[in-house]
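Dumping the structure here so I can ask a few things about it.
The values are calculated or read from the model by the stated rules, or taken from the named source; none is laboratory data. These numbers come from a predicted model, not from an experiment. For neighbour counting, all protein chains shown are included, and Cβ atoms are generated from backbone atoms with ideal geometry for every residue, glycine included.
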Amino acid sequence: MKINFKQTPEKEIHRLVEELGERPYRARQIIDWIYGKLAVSIDDMTDLSKDFRRRLKERAFISNPDVLKIRESGDGTVKFLFGLEDGEAIESVLIPNGRGKFTLCISSQAGCALGCVFCMTGRQGLRRNLRAYEIIDQVIAAKRHLRSLSPDAAPSIANIVFMGMGEPLKNFDEVVSALRTLTDLMGFSRRKITVSTAGIIPRIAELAERAPRVNLAVSLNATTESTRNRLMPVNRKYPLKELLAACREFPLPPNRRITFEYVLLDKINDSAEDAARLVRLLKGIRSKVNLIPFNPPGETAAERFPEPARPDEARILEFRRILHRAKIVATVRRSRGADISAACGQLRADRR
Ligand code: SAH
Ligand code: SF4
């Protein structure tokens, strides 16, 4: 069986080069071709001898993402739809950060099993886990797109966030392997990568132990067990209280914080009491809060929940004010790419 380079750790690439009787620096060249120059095939690697390329092709190949659709929003947001080999589909989103660079939001699973009631991905259930190369391919496709816009001075991806489709900690091994590729082979700094979880408690500590030390984001979304149970069924297994205890114990590197995401739903979790409770819950955790006004699905209202709606602006700002008064760093994440359904929680890859 040939190896897929994008599913292969650095040391195995070195081993292959050695086995083929080539000098060790050839491994670095191959890695640069794949992740730096974004080669589509081994034949692109023109500074390797023809004979070496031929022997390499007998043992390995470069997989290429099947980009089914690219949609650009008026505000510069770009949404990608990918077709996977077995017919599944996933999405990722490039979001301009206003400083000439982009944040890339990627998927870790096709669908998601956790069924949060406000989330479009959750509604389709879990289709399957992604392999590491399918996660990496989303980054490669985004880089290729940016290069195609401006071949000589392609804007760069400043941040990568695992906030697309799926629950990354439910696809732990492949996500860890993708994190290694991003940091070791693609040169992304650990500080620029964020893994977001709905709170798979045992995996949170494991992430710190086994993965590159990337940033952690936790989707809190409620301040009481009962509301969180209703919004996020996963809370019945991993309750809020234990989740926050796990966050307190999380070995945060110096100068870092845990991001807490909080989807604001009108009259469900957006009261002044909620804000005050949130302040208390976060005591003792180096944290920042990302308030995400609910993005409605853009079609008939959710069947599974009594009319979730986005709170009005005054309520959103009041919630943030209460956090600020308690010296909690809190920002409101304004939805980008709304005209192409590229906002958080709207990813569902239904190919329309
Ligand atoms: N499964 C992980 C990562 C993907 S979801 C997690 O839940 O953290 C990424 C973020 O999108 C989560 O914080 C989630 O709460 C938020 N989200 C989901 N649906 C949304 C919606 N309709 N409007 C706004 N944010 C939403
Ligand atoms: Fe899954 Fe995250 Fe959506 Fe919940 S919010 S259903 S965990 S993708």
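So Gly199 fits all but one of (1) within 12 Å of ligand 1 (Cβ to nearest atom); (2) part of a helix (DSSP H, G or I); what number is the exception?
The failed condition is (2).
Quick one: Cys105 ticks every box in (1) away from ligand 2 (no atom under 16 Å from the Cβ); (2) closer than 30 Å to Asn269 by Cα; (3) modelled with pLDDT of 95 or more bar one, so which box is it?
Looking at each condition in turn, Cys105 falls short on (1).
What are the residue pairs meeting all of these: first residue in the stretch 129-146, first residue touching a residue at least 40 places away in the same chain (Cβ under 8 Å), second residue among the charged types (D, E, K, R), Cβ atoms under 7 Å, and 6 or more apart or on different chains?
The qualifying pairs are Asn129/Glu174; Leu130/Glu174; Arg131/Glu174; Ala132/Glu174; Tyr133/Lys6; Ile135/Glu174; Ile136/Lys6; Asp137/Lys6.
Would you say Phe260 is surrounded by fewer than 19 Cβ atoms within 10 Å (Cβ to Cβ) and in contact with a strand residue (DSSP E or B) (Cβ under 7 Å, 6 or more places away or on another chain)?
Spelling it out, it is not the case that Phe260 is surrounded by fewer than 19 Cβ atoms within 10 Å (Cβ to Cβ) and in contact with a strand residue (DSSP E or B) (Cβ under 7 Å, 6 or more places away or on another chain).
Restricting attention to the stretch 322-331, report how many residues are crowded, with 16+ Cβ neighbours inside 10 Å and out of contact with any Ser or Thr (no Cβ under 8 Å at 6 or more places or on another chain).
3
Any residue at all in the stretch 95-103 that is in the same structural domain as Ala154 (by TED's automatic domain parsing) and over 28 Å from Ser156 (Cα atoms)?
No, every residue in the stretch 95-103 fails to be in the same structural domain as Ala154 (by TED's automatic domain parsing) and over 28 Å from Ser156 (Cα atoms).
Determine which member of the set Asn255, Asn269, Asn221, Asn229 is at positive phi and modelled with pLDDT of 95 or more.
Working: Asn255 fails: modelled with pLDDT of 95 or more; Asn269 fails: at positive phi; Asn229 fails: at positive phi.
Every option except Asn221 fails the conditions.
Suppose the filter is touching a residue at least 40 places away in the same chain (Cβ under 8 Å), assigned by TED's automatic domain parsing to the domain that holds Arg280 and not in a strand (DSSP E or B); does Ala217 pass it?
no
For the stretch 146-196, give me each residue that is more than 22 Å from Gly98 (Cβ to Cβ) and in a loop (DSSP other than H, G, I, E, B).
Pro151, Asp152, Met165, Gly166, Glu167, Asn171, Met186, Gly187, listed by residue number.
For residues in the stretch 321-352 being basic (Lys, Arg) and either within 16 Å of ligand 2 (Cβ to nearest atom) or in the same structural domain as Thr121 (by TED's automatic domain parsing) (or both), which is nearest to Ser73 (Cα to Cα)?
First pass over the stretch 321-352, keeping only residues basic (Lys, Arg): 321, 325, 327, 333-334, 336, 348, 351-352.
Next, only the ones that are either within 16 Å of ligand 2 (Cβ to nearest atom) or in the same structural domain as Thr121 (by TED's automatic domain parsing) (or both) stay: 321, 325, 327, 333-334, 336, 348.
On the way: Arg321: 31, Arg325: 35, Lys327: 35, Arg333: 17, Arg334: 14, Arg336: 8, Arg348: 17 Å.
Checking each candidate, the answer is Arg336.
Limited to the stretch 88-133, what total is found for residues that are among the hydroxyl-bearing types (Ser, Thr, Tyr) and assigned to a loop (DSSP other than H, G, I, E, B)?
So in the stretch 88-133, the residues among the hydroxyl-bearing types (Ser, Thr, Tyr) come out as 92, 103, 107-108, 121, 133.
Still in the running and assigned to a loop (DSSP other than H, G, I, E, B): 107-108.
Of the residues in that region, 2 qualify.
Collect the residues in the stretch 112-128 that are surrounded by fewer than 21 Cβ atoms within 10 Å (Cβ to Cβ) and either within 13 Å of ligand 1 (Cβ to nearest atom) or not assigned by TED's automatic domain parsing to the domain that holds Ile157 (or both), keeping them in residue-number order.
Within the stretch 112-128, Ala113, Gly115, Val117, Arg123, Gln124, Leu126 meet the criteria.
What residue, among those in the stretch 32-41 that are surrounded by 19 or more Cβ atoms within 10 Å (Cβ to Cβ) and in contact (Cβ under 8 Å) with a residue 24 or more places away in the chain, is nearest to the chain's Cα centre (by Cα)?
Among those residues, the one meeting the criterion is Tyr35.
Do you know which residues across the stretch 1-31 are surrounded by 14 or more Cβ atoms within 10 Å (Cβ to Cβ) and either in contact (Cβ under 8 Å) with a residue 60 or more places away in the chain or under 21 Å from Val176 (Cα atoms) (or both)?
Across the stretch 1-31, the qualifying residues are Asn4, Phe5, Lys6, Gln7, Thr8, Pro9, Glu10, Glu12, Ile13, His14, Ile31.
Let me ask something else about it. Filter the stretch 254-300 down to the residues that are among the charged types (D, E, K, R) and not in a loop (DSSP other than H, G, I, E, B) and list them by number. Don't jump to the end; show me each part of the working.
Going residue by residue through the stretch 254-300, those that are among the charged types (D, E, K, R) are 256-257, 261, 266-267, 270, 273-274, 277, 280, 283, 286, 288, 299.
Residues satisfying the conditions are Glu261, Glu273, Asp274, Arg277, Arg280, Lys288.
For Arg54, which of the numbered conditions (1) farther than 22 Å from Ala178 by Cα; (2) touching a strand residue (DSSP E or B) at 6+ places or on another chain (Cβ under 8 Å); (3) basic (Lys, Arg) fails to hold?
Condition (2) is where Arg54 drops out.
Hey, could you check the stretch 1-58 for residues that are in a helix (DSSP H, G or I) and of a type in the set (S, T, N, Q) and say which is nearest to Gly187 (Cα to Cα)? Please lay out each step first, then the result.
Step one: of the stretch 1-58, the residues in a helix (DSSP H, G or I) are 5-7, 10-19, 25-36, 42-44, 50-58.
Narrowing the set further to residues that are of a type in the set (S, T, N, Q) leaves 7, 29.
On the way: Gln7: 16, Gln29: 14 Å.
Here the answer is Gln29.
Looking at Ala142 and the list (1) within 13 Å of ligand 2 (Cβ to nearest atom); (2) modelled with pLDDT of 95 or more; (3) of a type in the set (A, V, I, L, M, F, W, C), which single condition is not satisfied?
(1)
Looking at Thr8, Thr46, Thr121 in this structure, which one is out of contact with any strand residue (DSSP E or B) (no Cβ under 6 Å at 6 or more places or on another chain), β-branched (Val, Ile, Thr) and within 16 Å of ligand 2 (Cβ to nearest atom)?
Numbers: Thr8 fails: within 16 Å of ligand 2 (Cβ to nearest atom); Thr46 fails: within 16 Å of ligand 2 (Cβ to nearest atom).
Being out of contact with any strand residue (DSSP E or B) (no Cβ under 6 Å at 6 or more places or on another chain), β-branched (Val, Ile, Thr) and within 16 Å of ligand 2 (Cβ to nearest atom) holds for just one of Thr8, Thr46, Thr121, which is Thr121.
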